[in-house]
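Novice: Please read through the structure below; I'll follow up with questions.
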Amino acid sequence: MVTSFVHCSRGLRRSCSIRGAKMPSSYFSELRSAVQNGIRKSAAGCDGGVQSSVEVLVGQGKLWSGNLRCFHSVPSSAVSGLNVLLRPGTVFHSRSDSQLGLKRDYCSGVSPGYGLGIRNSRNCSNFSRGFLGKSRSFSSSGEGESIQYDVVIVGAGPAGLSAAIRLKQMCRGKDSDLSVCVVEKGAEVGAHILSGNVFEPRALDELIPQWKNEEAPINVPVSSDKFWFLTKDRAFSLPCPFDNKGNYVISLSQLVRWLGKKAEELGVEIYPGFAASEVLYDDDTVVGIKTNDMGISKDGTKKETFQQGVALKGRITLLAEGCRGSLSEKLLRKFNLREKGHGQHQTYALGIKEVWEIEEHKHKPGSVIHTLGWPLDNKTYGGSFLYHMNDRQVSLGFVVALNYGNPYLNPYEEFQKLKHHPAIKCLLDGGSVLQYGARTLNEGGFQSIPFPVFPGGAIIGCSAGFLNVPKIKGTHTAMKSGMLAAEAAFSALQEGSSMDMYWDALRKSWIWEELRLARNYRPAFEYGLLPGLGVSAFEHYVFKGRLPFTLKHGKPDHEATDVAKRHPPIEYPRPDGTLSFDVPTSLHRSNTNHDHDQPPHLRLRDPTVPERVNLPEYAGPESRYCPARVYEYVPDEEGKLKLHINAQNCLHCKACDIKDPKQNIEWTVPEGGGGPGYSIM
Amino acid sequence: MKIMVAIKRVVDYAVKIRVKPDKSGVETQNVKMSMNPFCEIALEEALRIKESGLASEVVAVSMGPPQCVDTIRTGLAMGADRGIHVEYPDALYPLSVAKLLKALVEVEKPGLLILGKQAIDDDCNQTGQMLAGLLRWPQGTFASKVILDKEKQAATVDREVDGGIETLSLDLPAVITTDLRLNQPRYATLPNIMKAKSKVVKKYTPQDLNVEIKADLEVVQVTEPPKRKVGVVLSSVDELIDKLKNEARVI
């Protein structure tokens with residue numbers, strides 16, 4: 001075993017001085033077996049990213065550490081002297097090149113202890129293939145613990161929990177049992193759940209018919225429904241297109257918590273605080289997921305609290321990650337599920353929400369208000385919602401479709417502007433904000449539904465996309481999709497039928513008919529606000545979805561961003577601290593927290609694109625649409641603007657993954673347990 | 001040697017807390033609760049001592065409403081062997097906690113008690129000290145390093161005090177309270193969480209332990225701190241002196 005422990009330099013983590021006695025004894029045997037098994041490629045490619053980082057501390061100059069495909073460079077300024085601390089079997093590769101890349105000295109090798117010597121190779125142009133391909137690498141995603149279940153569900157949201165509950169109900173009915181595991185990246189069930197929410201209990205009536213007697217947090221029926229068109233100073237009442245009779249104003253986060261309790265009562269194992277970061281394959285069949293490694297520091301090295309991720313294998317895997325789920329998007333691409341489905345790309349909107357506590361005499365439980373118009377212009381689709389819950393609490397939110405063109409648009413600031421409108425201001429005056437949050441939602445509807453079945457499992461809920469846009473409701477369809485997938489999974493596991501039954505069941509269900517009838521509302525707005533309203537009125541009162549054609553969506557959201565030079569910058573008013581706030585104040589109210597010492601979970605596919613493309617051509621739109629101020633362009637030592645990523649602020653809304661013009665930003669899961677802490681959203 | 005660790009279920013440190021409208025306390029409904037960070041550090045230290053072979057068992061104790069069992073389960077998932085839950089529905093103040101812990105010490109007879117230095121909800125910093133007093137055991141509070149010596153049955157504790165670091169040698173059995181820099185608590189892994197479900201959590205009530213809970217403190221009012229006023233840019237030194245004299249009244 002290598003015993004060349006050297007002092008770490010000042011800038012490095014404390015964790016580098018490994019005290020051998022304190023490491024669990026199984027660690028070294030795991031290491032040895034990983035090396036002896038040779039190179040272990042992460043089947044899903046780079047998804048694991050840093051989780052396969054090598055236990056190498058920095059040497060002189062730039063040092064590349066990581067697995068075969070993902071490397072993280074450590075700047076030479078962080079180190080001094082040739083200090084290298086290696087574990088046996090470690091692969092490292094360092095190069096020192098001067099500023100202009102004149103002289104490249106490659107020094108690569110594998111630490112001794114396992115019979116592999118140090119080699120010097122020059123001009124290793126593609127080191128990932130050339131050098132490492134021939135040697136053994138230690139990948140922490142090599143061997144780890146693996147636990148087998150019948151069904152593994154990723155995401156404890158309405159769809160995931162409905163699927164879990166339905167599975168257990170069917171087990172009880174047929175007197176058999178299936179082991180069901182739900183993993184959730186939030187610190188607790190409901191922590192990452194955000195929604196308006198006017199709840200249609202249709203799916204819940206089917207799932208848990210006696211919910212009224214089981215203390216479900218559904219107790220504010222809709223009492224009034226208003227629809228306003230706003231101009232800068234006035235609000236015009238329009239005929240209300242919604243029919244919310246029988247619906248309730250709820251906090252979806254609370255409802256999901258309750259669903260979680262019901263699921264646990266039925267024997268579902270729910271594990272919050274664990275993020276599914278990788279899909280596991282056997283050939284081309286999905287056999288489960290792997291959770292994130294925990295305890296990796298910012299530069300990719302393992303801290304003393306390092307815990308390897310666990311493989312959760314399921315005979316069926318259901319992905320219920322919500323809108324733009326990171327694993328779901330990978331599978332949609334891998335198995336071409338969009339083409340196999342209804343073919344259109346998905347379109348999205350960003351919803352930003354605050355829960356206010358307002359004055360008693362202004363509070364009307366069950367009151368539902370939607371607005372259109374100001375502050376958005378005629379070319380941008382979006383609006384606001386205001387729902388009165390109980391306990392003097394009010395859900396106020398602003399939704400902007402992400403196919404907006406003006407790169408200077410800042411959805412968060414538009415929301416702050418909206419609150420100053422006289423019709424809204426009079427309600428909020430004297431009140432205070434309890435929580436803040438943001439999340440993207442699907443607007444593609446019927447046209448964008450992908451084929452949701454892949455070998456080994458299926459995609460349910462908003463990860464596939466069943467939101468009814470004109471109704472602005474997606475919870476009931478997400479729950480129903482989970483239930484249908486559960487029924488298909490149950491017969492697949494007990495009788496060996498195919499998961500394709502899920503697709504057939506979807507097409508025969510009320511989800512299909514509902515979404516089909518609602519398919520032409522949103523695409524009509526491609527032509528502008530007034531044509532959109534016109535077509536919507538026709539659809540609603542005359543045609544009711546019976547038109548023989550289906551309108552198509554416009555460009556994908558990221559392509560719809562126009563270049564900055566065609567638009568004047570928008571000046572937003574400063575927050576006043578009582579009605580409108582700055583982002584850090586709002587962010588504090590989202591209870592967002594991530595361990596700061598972890599690799600940034602927002603990956604740039606090409607690190608030069610922000611400064612090369614986003615900033616000059618689009619004026620850095622990510623610094624404007626991100627509702628958490630994750631992306632900032634700050635001047636460096638030479639005064640040039642550089643992108644700075646405050647990954648710790650991330651609200652997990654996925655707007656950047658959707659809207660980045662060159663699709664350069666990839667949202668991946670951070671360490672489990674991080675992210676927002678919604679409780680009443 | 002058995003180590004007993006006391007853990008408290010508190011509002012999670014990342015949550016933005018709110019004062020209840022009637023000013024009787026902090027809003028704890030629908031709010032994320034987790035283990036007090038200092039208690040996590042205490043438990044981590046106990047687990048490390050056990051892993052180094054100097055202790056045989058780690059027992060995690062928590063007191064309060066039934067939901068405390070979740071916190072104990074997290075402790076069991078980190079590696080504690082057994083849990084004890086003292087069920088009591090109302091708030092428990094440090095002296096009551098210390099009396100209950102003393103009663104448990106008489107039952108369990110641990111060789112070492114490790115507590116967090118304070119809880120992040122009340123910031124009392126009293127329980128460890130009161131407990132040591134009741135038991136008449138030596139105490140090493142604000143520990144930033146703990147080294148046990150089995151033969152001499154003593155613990156060397158580095159304490160973070162205002163003036164620097166003070167090193168004490170305590171004869172066991174002793175009470176140690178942990179400070180932030182002692183260690184970095186481990187994550188509870190998924191397999192360990194699953195194993196923890198089958199570990200034993202024993203339930204007691206204060207009556208079982210013959211302890212009478214007397215509320216010796218009464219919370220009269222809880223208010224938010226006054227909002228920090230906006231700073232003012234002054235134009236001259238004279239103006240500064242004038243403000244210090246007449247507005248702040250410090251000179």
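Novice: From the list B:Asp242, B:Asp179, exactly one residue is surrounded by 14 or more Cβ atoms within 10 Å (Cβ to Cβ), acidic (Asp, Glu) and either within 14 Å of chain A (Cβ to nearest Cβ) or over 30 Å from A:Ser179 (Cα atoms) (or both). Which is it?
Specialist: Of the residues listed, the single one that is surrounded by 14 or more Cβ atoms within 10 Å (Cβ to Cβ), acidic (Asp, Glu) and either within 14 Å of chain A (Cβ to nearest Cβ) or over 30 Å from A:Ser179 (Cα atoms) (or both) is B:Asp179.
Novice: On to the next question. Any idea which residue in segment B:183-201 is farthest from the other protein chains (Cβ to nearest Cβ), counting only those that are among the basic types (Lys, Arg) and buried (at least 16 other Cβ atoms within 10 Å of the Cβ)? Spell out how you get there, then give the answer.
Specialist: Residues of segment B:183-201 that are among the basic types (Lys, Arg), as a first pass: B:186, B:195, B:197, B:199.
With the extra rule that they be buried (at least 16 other Cβ atoms within 10 Å of the Cβ), the set shrinks to B:186, B:199.
Details: B:Arg186: 5, B:Lys199: 16 Å.
Taking the candidates together, the pick is B:Lys199.
Novice: Of the residues A:Leu312, A:Leu280, A:Leu332, A:Leu319, only one is in contact with a strand residue (DSSP E or B) (Cβ under 7 Å, 6 or more places away or on another chain), surrounded by 22 or more Cβ atoms within 10 Å (Cβ to Cβ) and within 19 Å of A:Asp657 (Cβ to Cβ); which?
Specialist: Unique residue meeting the criteria: A:Leu319.
Residue-by-condition table, conditions (1) in contact with a Ser or Thr (Cβ under 8 Å, 6 or more places away or on another chain); (2) surrounded by fewer than 22 Cβ atoms within 10 Å (Cβ to Cβ):
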{"site": "A:Gly366", "(1), (2)": "yes, yes"}
{"site": "A:Tyr387", "(1), (2)": "yes, no"}
{"site": "A:Gly397", "(1), (2)": "yes, no"}
{"site": "A:Leu402", "(1), (2)": "yes, no"}
{"site": "A:Glu414", "(1), (2)": "no, yes"}
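Novice: Which residues, counting only those in segment B:11-30, are within 22 Å of the chain's Cα centre (by Cα) and without any contact (Cβ under 8 Å) to a residue 60 or more places away in the chain?
Specialist: B:Asp12, B:Ala14, B:Val15, B:Lys16, B:Ile17, B:Arg18, B:Glu27, B:Thr28, B:Gln29
Novice: Which residue is nearest to A:Thr291 (Cα to Cα), if the candidates are limited to segment A:648-681 and must be away from chain B (no Cβ under 14 Å) and not in a loop (DSSP other than H, G, I, E, B)?
Specialist: Let us first name the residues in segment A:648-681 that are away from chain B (no Cβ under 14 Å), namely A:652-669.
Restricting the remaining residues to those that are not in a loop (DSSP other than H, G, I, E, B) gives A:655-659, A:665-667.
Details: A:Ala655: 23, A:Cys656: 23, A:Asp657: 21, A:Ile658: 24, A:Lys659: 27, A:Ile665: 21, A:Glu666: 18, A:Trp667: 16 Å.
In this case the residue turns out to be A:Trp667.
Novice: Please work out if B:Val157 is within 17 Å of the chain's Cα centre (by Cα), β-branched (Val, Ile, Thr) and either at pLDDT 95 or above or part of a strand (DSSP E or B) (or both). Give the derivation first.
Specialist: Working: within 17 Å of the chain's Cα centre (by Cα): no; β-branched (Val, Ile, Thr): yes; either at pLDDT 95 or above or part of a strand (DSSP E or B) (or both): yes.
Spelling it out, it is not the case that B:Val157 is within 17 Å of the chain's Cα centre (by Cα), β-branched (Val, Ile, Thr) and either at pLDDT 95 or above or part of a strand (DSSP E or B) (or both).
Novice: Further, regarding this structure: Quick test of your reading of the structure: A:Val542 fulfils all but one of (1) modelled with pLDDT of 90 or more; (2) among the β-branched types (Val, Ile, Thr); (3) loosely packed, with under 15 Cβ neighbours inside 10 Å. Name the failing condition by number.
Specialist: Only one criterion is unmet by A:Val542, namely (1).
Novice: Hey, another quick one. Of the numbered conditions (1) among the aliphatic types (A, V, I, L, M); (2) away from chain B (no Cβ under 14 Å); (3) touching a residue at least 24 places away in the same chain (Cβ under 8 Å), A:Val634 satisfies every one except a single condition; which is it?
Specialist: (3)
Novice: Kindly establish whether A:Gly322 is in contact with a Cys (Cβ under 7 Å, 6 or more places away or on another chain), on the phi > 0 side of the Ramachandran plot and not hydroxyl-bearing (Ser, Thr, Tyr).
Specialist: Against the criterion (in contact with a Cys (Cβ under 7 Å, 6 or more places away or on another chain), on the phi > 0 side of the Ramachandran plot and not hydroxyl-bearing (Ser, Thr, Tyr)), A:Gly322 qualifies.
Novice: Right, something else. Could you grab me the full set of residues in segment A:562-615 that are within 14 Å of chain B (Cβ to nearest Cβ), basic (Lys, Arg) and more than 23 Å from B:Ile17 (Cβ to Cβ)?
Specialist: Within segment A:562-615, A:Arg574 is the sole residue that qualifies.
Novice: Out of all the residues in segment A:170-185, which are surrounded by fewer than 17 Cβ atoms within 10 Å (Cβ to Cβ) and in contact with a helix residue (DSSP H, G or I) (Cβ under 8 Å, 6 or more places away or on another chain)?
Specialist: Selection gives A:Lys174, A:Ser176, A:Asp177.
Novice: A follow-up question, please. Kindly indicate whether any position in segment A:518-528 is more than 27 Å from the chain's Cα centre (by Cα), over 23 Å from A:Gly474 (Cβ atoms) and part of a helix (DSSP H, G or I).
Specialist: yes
Novice: Here is a follow-up. Could you tell me which numbered condition B:Val86 fails, if it satisfies all but one of (1) in a strand (DSSP E or B); (2) surrounded by fewer than 23 Cβ atoms within 10 Å (Cβ to Cβ)?
Specialist: Among (1) in a strand (DSSP E or B); (2) surrounded by fewer than 23 Cβ atoms within 10 Å (Cβ to Cβ), the lone unmet condition for B:Val86 is (2).
Novice: Would you confirm, using the coordinates I've provided, whether A:Lys245 is farther than 21 Å from A:Gly672 by Cα, more than 12 Å from every other protein chain (Cβ to nearest Cβ) and assigned to a helix (DSSP H, G or I)?
Specialist: Numbers: farther than 21 Å from A:Gly672 by Cα: yes; more than 12 Å from every other protein chain (Cβ to nearest Cβ): yes; assigned to a helix (DSSP H, G or I): no.
It is false that A:Lys245 is farther than 21 Å from A:Gly672 by Cα, more than 12 Å from every other protein chain (Cβ to nearest Cβ) and assigned to a helix (DSSP H, G or I).
Novice: Also, quick follow-up: Anything in segment A:220-255 that is over 21 Å from A:Leu204 (Cβ atoms), surrounded by fewer than 18 Cβ atoms within 10 Å (Cβ to Cβ) and among the small types (Gly, Ala, Ser)? List them, or say none.
Specialist: Within segment A:220-255, A:Ser224, A:Ser237 meet the criteria.
Novice: State the number of residues belonging to segment A:261-277 that are among the small types (Gly, Ala, Ser) and either surrounded by fewer than 24 Cβ atoms within 10 Å (Cβ to Cβ) or farther than 18 Å from A:Gly672 by Cα (or both). Show your work before the answer.
Specialist: Going residue by residue through segment A:261-277, those that are among the small types (Gly, Ala, Ser) are A:263, A:267, A:273, A:275-277.
Restricting the remaining residues to those that are either surrounded by fewer than 24 Cβ atoms within 10 Å (Cβ to Cβ) or farther than 18 Å from A:Gly672 by Cα (or both) gives A:263, A:267, A:273.
Total satisfying the criteria: 3.
Novice: Has segment A:548-568 got any residue that is exposed (fewer than 13 other Cβ atoms within 10 Å of the Cβ) and either in contact with a helix residue (DSSP H, G or I) (Cβ under 7 Å, 6 or more places away or on another chain) or on the phi > 0 side of the Ramachandran plot (or both)?
Specialist: Checked segment A:548-568: at least one residue is exposed (fewer than 13 other Cβ atoms within 10 Å of the Cβ) and either in contact with a helix residue (DSSP H, G or I) (Cβ under 7 Å, 6 or more places away or on another chain) or on the phi > 0 side of the Ramachandran plot (or both).
Novice: Any idea how many residues of segment B:9-63 are outside any loop (DSSP other than H, G, I, E, B), of a type in the set (S, T, N, Q) and more than 10 Å from chain A (Cβ to nearest Cβ)?
Specialist: 1
Novice: Restricting attention to segment A:255-299, report how many residues are within 19 Å of B:Gln67 (Cα to Cα) and acidic (Asp, Glu).
Specialist: Total satisfying the criteria: 3.
The values are calculated or read from the model by the stated rules, or taken from the named source; none is laboratory data. This structure is a prediction, so every number in the text was calculated from the model and none was measured. For neighbour counting, all protein chains shown are included, and Cβ atoms are generated from backbone atoms with ideal geometry for every residue, glycine included.
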